[in-house]
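Okay, structure first, notes after.
The values are calculated or read from the model by the stated rules, or taken from the named source; none is laboratory data. Computed from a predicted structure; not experimentally measured. Note that each Cβ is placed from the backbone with ideal geometry, even for glycine, and that neighbours are counted across all protein chains shown. Accessible surface areas use protein heavy atoms only, side chains included; no ligands, DNA or RNA. Shrake-Rupley method; radii C 1.70, N 1.55, O 1.52, S 1.80 Å.
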Amino acid sequence: MAWDSGRLHFGGDYNPDQWPRAVWAEDRRLMREAGVSLASVGIFSWAHLEPEAGRYDFGWLDEVLDGLAETGVGVDLATATASPPAWLTTAHPEALPVDREGRRRWPGARQAYCPSSTAWRERGLALVEQLATRYADHPALAMWHVGNEYGCHTSRCYCDVCAARFRLWLAERYGDVQGVNHAWGTAFWSQRYSSIDEVLPPRITPDGAWANPTQQLDYRRFASDLLLDAFVAERDVLHRVSPGVPVTTNFMVMTRFNQLDYWAWAREMDVVSNDYYPDFADPLTHVEAALSADVVRGLADGDPWLLMETSPSAVNWQPRNPAKRPGQLRRDALQQVAHGADGFNVFQVRASVAGAEKFHSGLIPHAGTDTRLWREVVELGGLLGQLGEVAGSRVEASVAFVWDWQAWWGVELDSHPSVDVTYPDRARAFHRALWDLGVAVDVVAPGAPLDAYSLVVVPTLYLVDDDAAPVLDAYVRDGGHAVVTYFSGIVDADDHVRPGGYPGAFRETLGIVVEEFAPLLAGERVTLDDGGSADVWSEDLRLAGAEAVVSYVDGPVPGRAAVTRHDLGQGVAWYVATRTDVETTARLMARMVAEAGVVPVAAATPGVEVQRRRKGDTSWLFVLNHTDDAVSVPATGTDIVTGVPVSGSVTLPAGGVAVVREGGGA
Ligand code: GAL
């Protein structure tokens, strides 16, 4: 069931337990002033809610929730299990996680728990039961927020309890020890097991000797499933005791984090929500933000989702933490909405004065309300309220990216041909080229139906199971256009090479055979015969039905094809065998888009982002000017940011935004 918020939410994590009661009334007044509609409460409050085992203190939370209800602020109520209190880990030291070197990780920060720990799970579920029973009918309750950013700090624990659970997981996946031996290729290096009982997590191995790669991969799968199991246990309590209230947990879909298989997680959510933080050192972080949001929308199956956290201004955890520039907060917010979010929340409502995040911005800054940031916050809250008509609409895209966390984990395994082949790299490069062209992008899982798309991009899908590759092949034969980038289709789900020439799974679709990889050395570049250049990777590629579109002029395989194009059935399959530079990637993408008949959202203007959301007969064109100059973009309708009619084109100042309800003519 799609989440229907009926409005564009605005708000953030709210941590009143860090403050004396005297501040709470002011918080509520300011939240009202800023148009806050949703506050995430109690995410790290376990120690306050249960100061001793089994002794609960809900008085303060009652007061907070009552106050928020009176203020008209909905509550995304946390289950508070994200960080166990000191009494729990003191009584149960085994509840602390163990790293791959066998060291306990100590409390004193957060998320210090072993996901298999019975104590953590049982005490946590008891707390959830209490919270759900007490607040199920509270008028402020809008949503449940389970845990927090699962896998952020503790993604894998290597303790003996986890080892035992891993064995059960293996028995379930493979049936018996022969299945494990086959999948892991244990004939190699005398790794054969005679019983599943002998299997361990991939703990630290002798220097320079890699742990079995499939064991590593399976441990990541297991660890994602184990945390998901912990989420589901809490969710099920909430569904039982508090039926009808949507349950979420905040994902971390960014191109910098990859601990969980979010395709599997998304299936268990009532609302998909995400935390996205810009990388302030990356001048293209706003393009990455668009990709991140597209991935999240894919997880939500195209339905509206919630941006659960970002920073209102600076973060405190990057090496250097600049404040957002004037107008950036509004642009960041509307960008997420443009890509399908029906709410924009931040960490956190009031900036802390103590603790590890005291230099992280909040909606209410240390300097108070006579500040630019506060004025921008109030303006944004008003604007999101004003744009409420957009809620529930969907983004339209005719290009799909195939994205996969398991393939990403596979790429990251050690003992590979080049350390420079990394996962989101080509996804980011091709997405950027499409972003520059003003083309909207959906993100789908491997094996998902592709018929709705004119063009499908498959970046670095190193690992692909037996079911997904035929879907791409059939799509092309039926008239689709696809582009696959290097180091795709190399291995099956067990991380076994698909023999007969790379890229095994896609070889016939692409009409090529790669005889050998020819990775480039650090800093080495090859010249391409279209005037461009490339680095990182090349391949000794033989044409087997495809034509060469671009070839190498020099480097390890001069004369060999670097980019190929294969007419197959009614469609076309492209292959990009090297890490093309930005201009070459842009040229290629422009040609592929044109051949596939993909229509941009609006005529492209450099540095200007355009997205369209539609609901029934109504559509809204989002225009975001990421440049330092004024721009004009074709549009007709009414800009619902300013209320001004737009006829033919909308002009935006540097950094400006518009949301044009299309149609009519002015
Ligand atoms: C998130 C986390 C928040 C806060 C925030 C700071 O990862 O969920 O609790 O730490 O980062 O940017």
Give me P(r) over segment 367-524, computed from all C-alpha to C-alpha distances, binned every 5 Å, as integer percentages. 2, 8, 15, 17, 15, 11, 8, 6, 5, 5, 4, 2, 1, 0
Percentage, to the nearest whole number, of Cα pairs in segment 160-213 over 19 Å apart: 25 percent
Identify the chymotrypsin sites (Phe, Trp or Tyr not before Pro) of segment 246-317 meeting these criteria: DSSP loop state and at most 16 other C-beta atoms within 10 Å of the C-beta. TRP317
Once you charge only the Cβ atoms, +1 for Lys and Arg and -1 for Asp and Glu, what is the size of the charge dipole of segment 178-305 about its Cα centre, to the nearest 20 debye? 260 debye
Only four residue types carry charge here, +1 at the Cβ of Lys and Arg and -1 at the Cβ of Asp and Glu. Report the dipole size of segment 529-617 about the Cα centre in Debye, rounded to the nearest 20. 540 debye
Loop only by DSSP, 16 or fewer other Cβ within 10 Å of the Cβ. Give me the GluC sites (Glu not before Pro) in segment 267-325 that pass, ordered by residue number. GLU268
So how far apart, in nm, are the two label points at ALA2 and GLU396 if each is 7 Å from Cα heading toward Cβ? 1.4 nm
Can you pull out the chymotrypsin sites (Phe, Trp or Tyr not before Pro) in segment 356-430 whose DSSP state is coil and whose Cβ has at most 12 other Cβ atoms within 10 Å? none
Dimensionless Rg/Rh of segment 446-513 - Kirkwood Rh, Rg from C-alpha atoms: 0.94
Which of rounded, prolate or oblate describes segment 562-642 when judged by the alpha-carbon gyration tensor and an a/c cut-off of 1.5? oblate
Rounded Å value of the spacing that divides the Cα centres of segment 591-631 and segment 412-486: 22 Å
Would you kindly state how much longer the chain becomes between ALA264 and GLU122 on full extension, computed as 0.36 nm times their sequence separation minus their alpha carbon distance, in nm to one decimal? 48.7 nm
Percent of Cα pairs exceeding the 13 Å cut-off, where the set is segment 608-661: 53 percent
For segment 160-213, calculate the relative contact order in percent as a whole number, restricting contacts to Cα pairs under 8 Å that are 6 or more residues apart. 36 percent
Whole angstrom only: what separates the Cα centroid of segment 245-319 from the Cα centroid of segment 32-97? 23 Å
Counting only protein heavy atoms with a 1.4 Å probe and every protein chain in place, the carbon and sulfur fraction of the accessible surface of the chain in whole percent equals 51 percent
For labels at TRP60 and ARG256 in the simple 7 Å Cα→Cβ model, what's the distance in nm? 3.1 nm
Run the helix sum for the chain: -39,500 (n - 2.57) per DSSP H stretch of 4+ residues, divided by residue count, reported at 222 nm to the nearest 500 deg cm²/dmol. -9500 deg cm²/dmol
Residue-normalised accessible area of the chain, given per residue in Å² at a 1.4 Å probe: 37 Å²
Mean-position separation - Cα centroids, segment 339-389 and segment 576-590, in angstrom: 39 Å
How far apart, in nm, are two points set 7 Å out from the Cα along the Cα-to-Cβ line at ALA109 and at SER415? 3.0 nm
Tell me, in nm to one decimal, what length is gained between ILE204 and ALA187 on full extension, where the rule is 0.36 nm per residue of separation less the Cα-Cα distance? 4.1 nm
With T = 20 °C, eta = 1.002 mPa s and Kirkwood Rh from C-alpha pairs, the Stokes-Einstein D of the chain in µm²/s is about 81 µm²/s
